[in-house]
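The values are calculated or read from the model by the stated rules, or taken from the named source; none is laboratory data. Just so it is clear, the structure is predicted and the values come from calculations on it, not from any experiment. When we count neighbours, we look across all protein chains shown, and the Cβ atoms used for this are built from the backbone with ideal geometry, even at glycine.
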Amino acid sequence: MLKWLVPGLVVGLLTLVISLPTGWAESSNPPSADGPSLDETMGFIKDMWEACSTMRSGLQRMAPKDGAPWQLDRTAKVDVVVRPPSGLQLITRLNERMRFGGALDLQTPVEKVQEFDLRAMSPDVSSEREGEGTNLYGVRLRCTRAACVTEWVATLLIPGKPMHELKTGRLVVTNLEELVYEDRAPKDKPGEKKGELSLPVCDAAAAESLSKALSHAISKAGGKKPLF
């Protein structure tokens, strides 16, 4: 019985020894350097902005060129629509409340719609902070050639309320979703095509994360840096 077992054990040991380097090589291979797919990255970008929800800056003291002190309170919400294979539409509802000398003087609610193709963008995406001592953050994207970004802007108002009361601060916007178009929807008011866009995010961590994700998505889609 033993003489039959020994050859079998030898063959088994030889097979194990031969297979070990192959198995080790397969398990020690690093993951693909290309990173997540374009679809995965676009999903992450959309989810990241949804997680930011409504972004509020809080009142920030600013110093305009004329030296007159004033405060800015910015509220924004970004909705992302993915348009396969490499298009993005970003709808930003924004309200800026400006306070002069302790009195609220002006509000300017608008909706901005920006559409672009990642293949026409530069992967040099940067995170930014709007002024020292503020919590206003954003990401900035740049085009590699002309006319890659289409932008529309429409003025918003509170239903049934006069616009002058909104602009003079007598009415306070508390919910961006309750605002409606003053005149026509942005799709009816096409603006000029631009080569750069800046988008608000909720904090510094989101700005850093989204700038990396957008840069990766642009590279995946085939976007390239400008030659000069």
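Structure summary
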| item | result |
| --- | --- |
| Residue within the range 83-92 that is over 17 Å from V173 (Cβ atoms), touching an Asp or Glu at 6+ places or on another chain (Cβ under 7 Å) and hydroxyl-bearing (S, T, Y) present | yes |
| Selected residue [closer than 21 Å to M163 by Cβ, of a type in the set (D, E), crowded, with 17+ Cβ neighbours inside 10 Å and over 14 Å from the mean Cα position of the chain (by Cα)] from E111, E96 | E111 |
| Hits in the range 150-167 (condition: surrounded by 14 or more Cβ atoms within 10 Å (Cβ to Cβ) and either touching a helix residue (DSSP H, G or I) at 6+ places or on another chain (Cβ under 6 Å) or assigned to a loop (DSSP other than H, G, I, E, B) (or both)) | W152, A154, L157, I158 |
| Cross-chain or 6+ apart pairs with Cβ under 6 Å, the range 72-89 first and surrounded by fewer than 18 Cβ atoms within 10 Å (Cβ to Cβ), then part of a strand (DSSP E or B) and among the polar types (S, T, N, Q) | V81/Q89 |
| Residue, modelled with the highest pLDDT, within the range 59-118, restricted to residues that are small (G, A, S) and outside any strand (DSSP E or B) | S86 |
| Odd one out for L199, checked against (1) closer than 22 Å to S126 by Cβ; (2) among the hydrophobic types (A, V, I, L, M, F, W, C); (3) not in a strand (DSSP E or B) | (3) |
| G35 vs. criteria part of a helix (DSSP H, G or I), among the small types (G, A, S), at pLDDT 65 or above and under 30 Å from L210 (Cβ atoms) | no |
| Breaking point among (1) charged (D, E, K, R); (2) surrounded by fewer than 16 Cβ atoms within 10 Å (Cβ to Cβ); (3) in contact (Cβ under 8 Å) with a residue 24 or more places away in the chain, for K220 | (2) |
